[in-house]
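The values are calculated or read from the model by the stated rules, or taken from the named source; none is laboratory data. What you are looking at is a predicted structure, and each value in this text was computed from that prediction instead of being measured. For accessibility, only protein heavy atoms count, side chains too; no ligands or nucleic acids. Shrake-Rupley method; radii C 1.70, N 1.55, O 1.52, S 1.80 Å.
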Amino acid sequence: MNNLVEGATGPWEVVIGLEVHAQVSSRSKLFSGAATAFGAEPNSQVSLVDAGMPGMLPVINEVAVEQAVRSGLGLNARINTYSIFDRKNYFYADLPQGYQISQYLQPIVGEGVVTVDLDDGSSRDIGIERLHLEQDAGKSIHDRHPAKTYVDLNRSGVALMEIVSKPDMRSAEEAGAYVRKVRAILRYLGTCDGNMEEGSMRADVNVSVRRPGEALGIRAEIKNVNSVRFMQQAIAYETNRQIDVLEAGGSIDQETRLFDAQSGTTRPMRSKEEAHDYRYFPDPDLLPLEFSDEFIERIRVSLPELPDAKKQRYMDDLGLSAHDAKILVSEREIAAFFEQVVLGRDPKVTANWVQGEFFAQLSKAERDIADSPISADQLGGLIDLITDQTISGKIAKDVLEFMFESGRDAAVIVAEKGLNQVSDSSAIEAEIDKVIAANTDKVAEFQGGKEKMIGWFVGQVMQATKGKANPQMVNQLLLEKLKA
Amino acid sequence: MAELTELGIAEARNLLAKGSFSSRELTESHIAAVAEASALNAMVTETPEIALAMAEASDERRRKGEAGALEGIPLAIKDLFCTKGVLTTAGSHILDGFTPPYESTVTANLWREGGVMLGKTNMDEFAMGSSNETSYHGAVQNPWRRRGDNRALVPGGSSGGSATAVSGRFAMGATATDTGGSIRQPASFTGTVGCKPTYGRCSRWGVVAFASSLDQAGPITRSVRDNAIMLGAMAGYDPKDSTSARVALPDFEAALTGDVRGLRIGVPKEYVLDGMPGEIEALWQLGIGWLREAGAEIIDISLPHTKYALPAYYIVAPAEASSNLARYDGVRFGLRVPGEDLTEMYENTRAAGFGPEVRRRVLIGTYVLSAGYYDAYYLKAQKVRRLIAQDFRDVYGTVDAILTPSAPSAAFAFGDKADDPIAMYLNDVFTVPANLAGLPGISIPAGLSDDGLPLGLQVLAPAFDEETMFRVAGVLEEAAAFAETPEEWWRSS
Amino acid sequence: MSVDKATVARIAHLARIGVGEEELEPLAAELSGILQWIEQLNEVDTDAVPPMASVHDEGLRWRGDVVNDGDKQADIVANAPDAANGFFAVPKVIE
Ligand SMILES: [Mg+2]
Ligand SMILES: [Zn+2]
């Protein structure tokens, strides 16, 4: 796939690396017993540890360790049984200790790989450099007072996994696919809820451009981008900006930039530190983090089937297309829903209904699959009515809409509304005869060789029977009579 | 009731148990002594109301037969320990007005065992100093003076206020902390007993941090027995401190058997320093003789990396401190000096809030961790630290404890070393190695200098073997029979 | 290593300690003296020595994932030089 960007002076290649910050799913914080829930009163989910009070000390949350290992396994990465927590020292209003506890030289998870599926059906492997555990900072609120910034430490100390990719991506599409894939994997694993609006997942995007085949260019880091769409906008803007600068004979500054969602542009951070010098050193309040291979194995055997394996199984065992399989495994909840519907039913029909009409109704209802108005069993019931020819596929679409409105079962709706398919050949024949009698010109056209007209006749009969006629029978009887 | 302040913890405990007097009486006499000692400037905050309330509650518990190990004993608390609802400053301007809504584990343990809080003791700012001259609250005066010389002397540091309160008989015991010698050196300078237990023995939770990998809390008392009693009450595993050791807490007092027969005592040749006063060397020889007479075997040992302990310490401790002290930024507590913007506010606050020694160490610590210097300084020091710890490990195969002087001199006068940081740092030359290696050490008063000042001997022991440390210290204490006390000149002033 | 005024200014800024121009020179001399004294460590051969991160041989102990802290906004902001509506307040930061 050619991802080169044509500049005024020739083609450029964009190189993208991502640092995804994913909030660990845990009840309490990485180093304190305060809650991690979203949206509480300011400074109400803060322990003395999270507020950096004098003499307060960190104690690590075992679930954060497990989740990091779990995530590492899901990213096909090496797990380090010995890792070190370091302090990253810098001053900021929402960094109460004056340092962030993070992992620097010896992270808990090393190199791994994520396979991303692209729109053209191809897939690519993106390297993972590392995954480490670290504390989140608090939140600075700049718009509540004209002269002051307010600081809320509720997020201070929440456990994050920083997942650092290799600079392996070459387009905004690949970067988007990568983030979606990482998000899906973490959600499958239950290690991060992936909620980008609430900040459970956000990415720092490193972008540089170079002439094809040349060494890496100087990169700009775009901080804290919190949606895939924004990320792709930021990459597009940044790519063009850098190419413009370079083509005008300028040079790129290695700097931290902010993405402005309103304008879709990036700009340098005004409060950027001169040169970062984080003075990392091992946190003397914490000992090395050590665990056994058995600990890793216990987690490994508890891993769910992950999207890639699931997709392969849907293709191999259920005979689904790569396209359908990719959509159905894109979220753990979708796959689980599909797997429940498909039990004892035709995989292809089920796949079509789940990712077709069912998704359409969901998005019309502005619902997630998690709070779908109808259950997997209910959708299965509808598909059964189609399979046993109680209703036609067309009627089924209407029935599904009623189901979404009322939450009731398909069979009840069909019975109540009298939507049973008409499979009585004499009734259908009567309607066919009427249509033929009223359209002798069309009959002549058909018999003159325009066989495609059959569709029009079917439509007329279906309309006359309010869609209840069995379409196969209509088709068959029509052909018999027209060709007679 | 002035004589009540002469009692040690063990005697007072026994007399309280017999009902000879109440904790309230004992506490009142100490409150009065504290008030009379203001000239020494040993206390930052006096808490007489709290003391009386605690004493009364203690007497009530005793009536119910619920006496703890320190039931009713009046204690002073170094201002580095956070005390709930009571000003805690760490001797610094930057903690102006800081009243913690929490109680350190060590002090909570003491109150659980019945201790009574007289107040908070003065100290070198953030425990950085060996003379108490760096306190924002002004220097503490040593109760001791040279014979025939009225000049004020330093009490040592950083726990100079605690050592002074115990030496001056206005607290029966005091908490202290030791990062490079801050318990043992002031104990040596004031004729008191000061013990730094094994790293991890006492919880650091709620103790304002100086250098996390080195800081340890311990007691200062007037006898080895009192010290063992008080350490037993302070110490113990704390799940809130990840570096707290999950080891059994022995009965330290029971370790005072008075018997060192067959114990092997190491005497490290590297602790003989060029230019060390002859009286220090002489006292050390005296101590060696006492132990030999008591039946211990004296063994010459070598701790070859001793010389490098102090420079390694002056990398590791400032590095950790530079990070530990970053939280003093004027945002959540303490002093704030406004500025045009956040950065200026930080710089103004920290310039005004930190004294020269703290500033010096934060700058050194920042430098040795900064880009390009980490390997040459911090990493190098941590490697040397391993060699120092290994030296001890090697000799503890052949000896059970080590005997050294506590400090290279007796107490000195104010200003003597204030202008020369390195000369000041050398005060800790005998104490720092135990901090780097995490080992327990105790200083006991063993004699007087030629001009009448107390001098201490130090006993070091293997990790988590405070029992041997106390056993040896008890025998030395008995042999030394150190009974001198400072003249109470401050009471008349 | 001896440090110059510019280095002291850089370090002081990293540490967010305001240092007046007139203090730079004496501080540079003082810090240089300490650093030179420290550098006697270079006499020690440490090539094969791993750094000592902790005096303990133990690994880190873990706590259970239990919410047992927080819900103390008043305590958290009680000592703040400037607080409003449960927030800490600082001079306006422009990002
Ligand atoms: Mg990063
Ligand atoms: Zn990060």
Amide H proximity to A:D193 below 5 Å, modelled H, separation 5+ or other chain, gives A:S25
With every protein chain in place, the accessible area of A:T465 for a 1.4 Å probe, in Å² rounded to the nearest 10, comes to 20 Å²
Taking protein heavy atoms only, a 1.4 Å probe, and rounding to whole percent, the accessible area of the protein assembly as shown owed to carbon and sulfur comes out at 49 percent
Result for interface chain B to chain A, accessible surface buried in total, 1.4 Å probe, Å² to 100, stands at 2700 Å²
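Roughly what % of DSSP beta bridges within the protein assembly as shown run antiparallel, to the nearest 5?
Expressed as a percentage, antiparallel bridges in the protein assembly as shown total about 80.
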Counting only protein heavy atoms and leaving out ligands, DNA and RNA, the solvent-accessible surface of A:E480 at a 1.4 Å probe, in Å² to the nearest 10, equals 100 Å²
Once the in-chain neighbours fewer than 8 apart are removed, the aspartates and glutamates whose Cα is under 18 Å from A:K483 read A:E429, A:E431, A:D433, A:D441, A:E445, A:E451
In Å², rounded to a whole number, the accessible area per residue of chain B with probe 1.4 Å is 29 Å²
Chains C and B: accessible area buried, summed over both chains, 1.4 Å probe, nearest 100 Å², reads 5200 Å²
Per residue, accessible area of chain A with a 1.4 Å probe, heavy atoms of protein chains only, in Å², comes to 42 Å²
Note, the stretch C:83-95: 3J(HN,Hα) by Karplus (6.51, -1.76, 1.60, θ = phi - 60°), whole Hz, Gly/Pro = x, goes 9, 8, 6, x, 9, 7, 10, 9, x, 3, 9, 10, 7
Helix C:21-38: inclination vs chain C longest Cα principal axis, degrees, rounded to 10, gives 70 degrees
With the 8 Å Cα cutoff and a minimum separation of six or more residues, chain A has a relative contact order in percent of 14 percent
Close lysine pairs (chain B; alpha-carbon distance under 20 Å; 8 or more apart or on separate chains) counted at 9
Log entry, pair C-A: total buried accessible area, probe 1.4 Å, protein chains only, in Å² rounded to 100, is 4200 Å²
Over all viewing directions the Cα convex hull of chain C casts an average projected area in nm² of 12.9 nm²
What helix-only [θ] at 222 nm does chain B give? Using -39500 (n - 2.57) per DSSP H run of at least 4, over all residues, to the nearest 500, the answer is -11000 deg cm²/dmol
Measure of exposure for C:H13: accessible area at 1.4 Å probe, Å² rounded to 10, is 50 Å²
Connecting every pair of Cα atoms under 10 Å apart in chain C and solving the GNM, the largest mean-square fluctuation among C:P51, C:P26, C:P81 falls on C:P81
In deg cm²/dmol, rounded to the nearest 500, the helical mean residue ellipticity at 222 nm of chain C, built from -39500 (n - 2.57) for every DSSP H run of length 4 or more, is -10500 deg cm²/dmol
Helix A:393-406: inclination vs chain A longest Cα principal axis, degrees, rounded to 10, gives 50 degrees
Honestly chain B on the Cα gyration tensor test (a ≥ b ≥ c root eigenvalues; a/c under 1.5 rounded, otherwise a/b vs b/c for prolate or oblate) is just rounded
Counting only residues 5 or more apart in sequence or on a different chain, those whose built amide H sits under 5 Å from that of B:G119 are B:T47, B:I77
With -39,500 (n - 2.57) per DSSP H segment of 4 or more residues and division by the full residue count of chain A, the 222 nm estimate, nearest 500 deg cm²/dmol, is -11500 deg cm²/dmol
Phi-derived 3J(HN,Hα) across the stretch B:122-136 with the Karplus relation (6.51, -1.76, 1.60, θ = phi - 60°), rounded Hz, x for Gly and Pro, is 5, 6, 4, 3, 6, 6, 9, x, 10, 9, 6, 7, 9, 5, 5
Interchain or sequence-distant (5+) residues whose placed amide H lies within less than 5 Å of the amide H of B:L263 are B:E297
Note on the stretch C:20-43: residues buried by at least 40 Å² of accessible area once partner chains are added (vs chain on its own, 1.4 Å probe) come out as C:L27, C:E30, C:L31, C:I34, C:L35, C:W37, C:I38, C:Q40, C:L41, C:E43
